[in-house]
1. Roughly how big is the chain's charge dipole about its Cα centre, with Cβ charges of +1 (Lys, Arg) and -1 (Asp, Glu), in debye to the nearest 20?
2. Alpha carbon centre of region 19-34 versus region 77-146: separation in Å?
3. Would you pull out the residues with amide H under 5 Å of Thr6's amide H, same chain only if 5 or more places away, H placed 1.01 Å from N?
4. Can you tell me how much longer the chain between Lys148 and Glu129 gets when fully stretched, taken as 0.36 nm per residue apart minus their C-alpha distance, in nm with one decimal?
5. Using only the alpha carbons, work out the radius of gyration and Dmax of region 1-74 in angstrom.
6. What number, rounded to the nearest 500 deg cm²/dmol, is the helix-based mean residue ellipticity at 222 nm of the chain, given -39500 (n - 2.57) per DSSP H run of at least four residues and division by all its residues?
7. From the alpha carbon gyration tensor of the chain, can you work out the equivalent ellipsoid semi-axes (sqrt of 5 times each eigenvalue) and give them in Å, largest to smallest?
8. Take Leu50, Leu34, Leu105 and order them by how many other Cβ atoms sit within 10 Å, fewest up front.
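None of the figures in this text is laboratory data; all of them are computed from the coordinates on show. Nothing here was measured: the structure is a model prediction, and the numbers come from that model. Cβ: placed from backbone, ideal geometry, glycine included. Neighbour counts: every protein chain shown.
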Amino acid sequence: MVDNRTVMESGRCTECGAKETDGFSCYELFGFPLVWEHNDPELYALHFWLVSCYMIQHPSNFTEEAYAQLVRLFIEAYDHGWETSYIQKKNRESVINVEKIANPLPNKERRRMYKFWSMTIEDIYLGGEEKAITNLMKWREQMRSELK
Ligand SMILES: [Zn+2]
């Protein structure tokens with residue numbers, strides 16, 4: 001997997017702080033639950049939460065406006081307990097194409113600032129496939145409490 005989304009320094013992701021684990025970078029760790037969810041419809045139903053949690057911890061990939069929108073959508077969906085299908089509909093309406101929301105700066109010139117999060121993709125990876133749902137629910141909750 002080509003890692004063009006995250007930058008690791010001294011074994012940690014420069015944005016979310018996830019530790020390089022089993023030789024995998026932050027972005028590579030994110031690839032694991034994406035594979036697991038293919039075998040597990042219950043996990044797949046939480047796809048929005050997995051992707052949002054991960055994206056929110058990597059703001060450099062987005063324009064400022066798109067990032068604010070991601071955070072808003074996450075908070076609204078969480079606070080109102082939106083169903084997956086409704087989230088997907090809202091998501092399609094607000095974030096129409098990835099090209100538009102992506103940070104236009106070349107990857108190397110993007111400014112990455114470290115922010116502390118109590119859970120990162122590292123925890124999802126370490127918990128493994130078996131605990132993926134439990135951990136993802138926990139990540140979602142922690143994330144909500146850490147967003148203003
Ligand atoms: Zn990261």
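1. I would put it at about 540 debye.
2. Here the answer is 15 Å between Cα centres.
3. Sorted by chain and number, the residues that satisfy this are Tyr27.
4. Extra length from Lys148 to Glu129 when fully extended: 3.8 nm.
5. Values for region 1-74 (Cα only, Rg and Dmax): 13.1, 36 Å.
6. Computed mean residue ellipticity for the chain: -15500 deg cm²/dmol.
7. On the way: eigenvalues 95, 82, 40 Å².
After diagonalising the Cα gyration tensor, the semi-axes are 22, 20, 14 Å.
8. Details: Leu50 22, Leu34 14, Leu105 11.
Least to most surrounded, the residues fall as Leu105, Leu34, Leu50.
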